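The values are calculated or read from the model by the stated rules, or taken from the named source; none is laboratory data. The model shown is predicted, which means the values in this text are computed figures rather than measured ones. As a convention, Cβ positions derive from the backbone with ideal geometry for all residues, glycine included, and neighbour counts pool all protein chains shown.
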Amino acid sequence: MRLFTIGSNFYVGTKVPVVVRIEKNLEENISDRFRLIFIPKGVGTIKTDLGLSPFIAPTLCCINETESIKIQLSQDYKILELVFHPEFLNPFFDYKSLRLSPQAYIEGDPQEAAWLNAFSKRLTNYKGIINISSVISLRVENLLYQIDKELSDQRDWYWPCRTRSLLLELLLVIDRVYVGPLADDTITVTEDYKIINDIIIYLLKHYQEKISLTQLTEEFGINRTSLNEYFKKVTGYTVMSYLMNLRLHLAMAMLKDTALQVSEIMYRVGFINTSHFVRSFKKATGTTPLEYRKIHTWLYK
């Protein structure tokens with residue numbers, strides 16, 4: 001099978017280890033690649049090294065380079081598969097280093113490495129599938145098609161970086177649903193916690209848009225005081241602090257791992273005002289976005 005996208009318009013002949021495929025029959029095992037299998041439509045069973053799991057779409061399956069998969073589906077179904085090598089995100093992310101503790105990293109970023117946990121580390125309650133909401137399903141599907149379009153169109157010199165930035169967004173979403181705030185078995189899942197989980201999913205879907213606390217209270221039928229109280233109890237953050245943290249961490253990843261212009265990154269993560277973005281970024285990191293890139297990026301070293 002094809003494991004690379006070959007540069008044709010820009011960076012002619014360059015092999016980029018990412019492909020998106022619309023599949024009917026999946027290969028059981030692909031060595032030396034991570035695989036995200038997204039099933040937006042259909043019912044069936046998925047058999048992985050972790051066991052056999054029935055599912056009703058939408059669902060995700062994250063397979064690493066050592067695992068195999070078999071899927072049996074109803075006639076009416078759809079599968080999108082993303083196949084990639086983690087070194088595409090960062091040249092220090094080989095399979096061995098990803099499975100070390102964060103303290104062992106010398107040059108790779110532990111925060112970004114953690115976004116690959118759904119592939120590199122197995123939770124005890126993970127049985128091969130991640131059930132997702134319709135909201136997250138739409139976000140995942142949209143990002144997969146955007147990645148596929150970047151790989152196909154190769155519209156400018158930034159196509160590998162833009163592909164990488166979209167993959168980072170996708171991995172952030174997957175990580176939040178793989179290791180979500182309610183994944184801890186010690187938490188009692190009350191209606192209040194379910195609302196918080198729904199709000200987190202909403203933020204993952206809409207972080208690129210303007211979001212206010214008033215908007216969230218109206219959307220989820222909860223007053224401002226209760227919202228922040230419950231949200232902080234579950235996540236350790238107020239709602240708007242969580243949103244800011246989400247946006248800034250994604251901006252940091254894009255600054256380190258892509259050559260996209262700061263203005264494009266700013267809009268991609270949900271800021272519309274340059275001075276607000278720079279001020280917020282500097283408050284969180286101690287540097288401006290350009291300074292941060294100069295210190296941390298691996299692209300020019």
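Per the listing ASN29, ASN64, the residue uniquely surrounded by 18 or more Cβ atoms within 10 Å (Cβ to Cβ) and under 25 Å from LEU123 (Cα atoms) is ASN64.
Filter the stretch 123-147 down to the residues that are under 17 Å from SER53 (Cβ atoms) and either among the β-branched types (Val, Ile, Thr) or modelled with pLDDT under 85 (or both) and list them by number. Of everything in the stretch 123-147, those that are under 17 Å from SER53 (Cβ atoms) and either among the β-branched types (Val, Ile, Thr) or modelled with pLDDT under 85 (or both) turn out to be LEU123, THR124, ASN125, TYR126, LYS127, GLY128, ILE129, ILE130, ILE132. Those helices (runs of 4 or more DSSP H) of the stretch 189-262 in which at least 3 residues are under 21 Å from the mean Cα position of the chain (by Cα) and surrounded by 18 or more Cβ atoms within 10 Å (Cβ to Cβ), considering only elements entirely within it, cover 191-206, 239-257. Considering only residues that are assigned to a loop (DSSP other than H, G, I, E, B) and aliphatic (A, V, I, L, M), which ones fall in the stretch 8-47? Residues satisfying the conditions are VAL12, LEU26, ILE30.
Note on the stretch 263-273: residues that are assigned to a loop (DSSP other than H, G, I, E, B) and touching a residue at least 60 places away in the same chain (Cβ under 8 Å) total 3. The condition (being under 16 Å from the mean Cα position of the chain (by Cα) and either without any contact (Cβ under 8 Å) to a residue 60 or more places away in the chain or in the same structural domain as ALA259 (by TED's automatic domain parsing) (or both)) is satisfied by just one residue among ILE71, ILE79, ILE63: ILE63.
Might you check whether a residue that is farther than 24 Å from LEU299 by Cα and not acidic (Asp, Glu) occurs anywhere in the stretch 80-99? Within the stretch 80-99, one or more residues are farther than 24 Å from LEU299 by Cα and not acidic (Asp, Glu). Filtering SER152, SER68 for residues that are modelled with pLDDT of 90 or more, in contact with an Asp or Glu (Cβ under 7 Å, 6 or more places away or on another chain), over 17 Å from ALA253 (Cα atoms) and hydroxyl-bearing (Ser, Thr, Tyr) leaves a single hit, SER68.
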